[in-house]
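Scroll down for the structure; my scribbles are underneath it.
The values are calculated or read from the model by the stated rules, or taken from the named source; none is laboratory data. Every value quoted in this text rests on a predicted model; they were computed, and no experiment measured them. Cβ: placed from backbone, ideal geometry, glycine included. Neighbour counts: every protein chain shown. SASA here: full protein model, heavy atoms, side chains in, ligands and nucleic acids out. Shrake-Rupley method; radii C 1.70, N 1.55, O 1.52, S 1.80 Å.
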Amino acid sequence: MNRKRLFLLAGVAALLLSAAAWWQWRLHEADGTAPLARGIAALVKGDARTARVELLNAIRADPRSIPARIAQARALVDLGDGGGAQGEIEKARALGGRPGDTRVLMAQALLLQGNADAALTEMEANDIPASFAAAAMRVSGNIHMARGDMAAAGAALDRAREMAGNDPENWIDTGRYRWMQGDQAGAIVAADRAVALAPENGKALLLRGELTRSQYGLIAALPWFERALAVNPDSVPVLDQYAATLADAGEARRMLSVTRRLLALEPGNARAWFMQAVMAARAGRADLARSLLARTQGRLDGEPAVMLLRGVLHLEDGNATLAIQALAPLVGQQPDNGIARTLLGRAYYLAADFPAAATTLAPLVAQRDAEPYVLTLAARAQEALGDRIMADDMLARASWPDRLSADLFAGADDAALAGSAPSGTAAAQDNIPYIRALLGTGQAERAVARARLLSEANPGAPDAYVIWGDALGAAGRPGQAVKAYEKAANLRFSRDIALRLIAALQRAGDPARSLQVVRLFLSQNPDDPQIQRLAAAGYMAGGQWREALRMLKAVEARVGPHDALLMADLARASLEVGAADAARAYASFAYRLMPASPVTAHIYGWTLLRTGANGQAAIDLLEKADALAPGQPGVRAHLAQARAALRKGTGRLAAR
């Protein structure tokens, strides 16, 4: 046989084989087995979105396929569509599928719809096969969590891990349970175990990212979310958390890109619209923020962040009544939310409900480190109520505020709570309110003893160390409080804990370490205005004026120009870097905002003196500052220099 004929026969054989393969493929596509196989493979990879499309094709090819219906229900559960999943399971059962094989899946579908009781009924059926027992126990734990029975939830999850200790799903749900219980250390251990068992499990990586964000900060969490997205680029839960983290880190452009991806996947995604609304509000585009928030169609109205944004936008509109309607329920839910309480107090004041304004602001006013704006607003409410003495006292405090005290909110029922100690010392939900009540009634040493027992019983819970640090601080032991707060910060480095640790270090006489904590927090949370303000103070104390000015301008961009003390700091920093015109503008505005403050009078007078704008006016302002705060060495020294310069006839100091 010649070579030419051999090649011809080989070509014909290859063509026949290709035709047979094509025909076989057509048969598998037509009967649904091929898309079913691809759908199941996508589910195994964690790509529920692709699986849903493939399984839809499988069901179209064979509507009576029970495996396709069950697999589709699995995909819909993973996508959060409980109603759709329930429908597919019911069809599978109607086609002859055994109910026991779908009990776990049906329970998950019902739980997604908020029907925990019906989900528990599924789990209590006696026809669940042994092969599903561990999964059933895990889902039972989630159902008990939804019902608020945390003891039963913990027991079920413990049993699930005993039955299937190498199932990453058991460790993921255990991690979320422990986190919900306040056991941050235990949650981290569980998440690490889940990631070790399944390094490419998107849900495990998502949980580890969320815990990292809480433990270390925003920047540290981003690689975990990016790793999860590398596994499944279309995961809506991961994209949601990634976008929120970028937004809080000040990465507005990247956040906008991620929310657009979310909306491409789910055009009605309410959280994506909300995040864009927050970004618009921060940029000062209130009309756009309102338009974007309207696209959520009320689906997030019960969430605290949404309630707060609505309140802010109503205040921007000048509609105090609607602001009250948005903010009052939020303060009811979160009485320690200082931002919401301040905004609600302002809304009541603008609505001329002065008694409500005074009552709302009272817990903030009671703190030693009350913000000047809060004190000024509360003073105006007292003026309207006719209490001039109380108003003057608040204005005096606003003029020379005490910073970094990290006081606790005072509760109206502290005396009652302090009179009845919980029977056990290990339950945080009972003991933390009791310890706070002890502190509120001046029983610091009893609070220290109780808080120590609570922290010993809950070594993985940051809140237990926080209350211990609070008690030690109230008892006058700042050094020991530092150690308690450090233990809390090692588990959860939140703003609240960072502020407490910074204040405790200041009181313990360690400003250098205090500034280290400030810088560490900013390295992970670069867009936090409260910590930026503290960083600026540290730079000013060290004479690093350009760094201080940069930080202060970042704060101004976030909080606006109506903080008199911020304007005073901007004037001082601008003056020190040689920006005379900016310094005068900032100092003048600070003084107009709070003319009775020795701080604003001092900086305005000093700025005029240093820039040679008006020598006599500088002396008048410095004399006013000295009268308002007699004995302040800095004011006295500057006043003496101003008088000396005037006597020499220059009216200004030599440039330095």
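Per-structure values
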{"read-out": "Between helix 564-576 and the chain: long-axis angle, C-alpha atoms, 0 to 90°, nearest 10", "value": "80 degrees"}
{"read-out": "For the stretch 244-299 and the stretch 579-618, distance of Cα centres in Å", "value": "40 Å"}
{"read-out": "Total formal charge among the other residues, if their Cβ is under 11 angstrom from that of ARG193, Lys/Arg +1 and Asp/Glu -1", "value": "0"}
{"read-out": "Net charge of Cβ neighbours under 14 Å - reference PRO355; Lys, Arg +1; Asp, Glu -1", "value": "-2"}
{"read-out": "Candidate lysines - alpha carbon under 24 Å from LYS45, same-chain residues fewer than 8 apart omitted", "value": "LYS203"}
{"read-out": "Accessible area of the chain belonging to carbon and sulfur atoms, whole % at 1.4 Å probe", "value": "55 percent"}
{"read-out": "The stretch 150-162 - phi-based ³J(HN,Hα) in whole Hz, Karplus 6.51/-1.76/1.60, Gly and Pro as x", "value": "6, 5, 5, 5, x, 5, 5, 5, 4, 5, 4, 5, 5"}
{"read-out": "Shape category assigned to the stretch 563-627 from the gyration tensor of Cα positions, a/c cut at 1.5", "value": "oblate"}
{"read-out": "Cα gyration tensor shape of the stretch 324-386, rounded if a/c is under 1.5, else prolate or oblate by comparing a/b with b/c", "value": "oblate"}
{"read-out": "GLU547, GLU556, ranked by accessible area, largest first (probe 1.4 Å)", "value": "GLU547, GLU556"}
{"read-out": "Whole-number accessible area per residue in Å² for the stretch 147-188, which is evaluated in the context of all protein chains at 1.4 Å", "value": "44 Å²"}
{"read-out": "Estimated vicinal HN-Hα couplings, Hz - the stretch 577-591 in sequence order (Karplus 6.51, -1.76, 1.60; Gly, Pro = x)", "value": "8, x, 8, 4, 5, 5, 4, 5, 5, 5, 5, 4, 5, 4, 5"}
{"read-out": "Degrees between helix 48-61 axis and first principal axis of the chain (Cα, 0 to 90, nearest 10)", "value": "30 degrees"}
{"read-out": "Centroid-to-centroid separation of the stretch 63-82 and the stretch 327-346 [C-alpha atoms, Å]", "value": "43 Å"}
{"read-out": "Solvent exposure of the stretch 231-318 as accessible area per residue, Å², 1.4 Å probe", "value": "47 Å²"}
{"read-out": "Which label in (1) 29.1; (2) 30.0; (3) 25.7 gives the computed Kirkwood radius over Cα pairs in Å", "value": "(1)"}
{"read-out": "Gyration tensor (alpha-carbon) shape descriptor, the stretch 50-121, a/c threshold 1.5", "value": "oblate"}
{"read-out": "Heavy-atom accessible area ranking, 1.4 Å probe, most first, across THR607, THR376, THR50", "value": "THR50, THR376, THR607"}
{"read-out": "Acute angle (nearest 10 degrees) that the helix 633-647 long axis makes with the longest principal axis of the chain, alpha-carbon atoms", "value": "50 degrees"}
{"read-out": "222 nm mean residue ellipticity, helices alone, for the chain (DSSP H n ≥ 4; -39,500 (n - 2.57); rounded to 500)", "value": "-24000 deg cm²/dmol"}
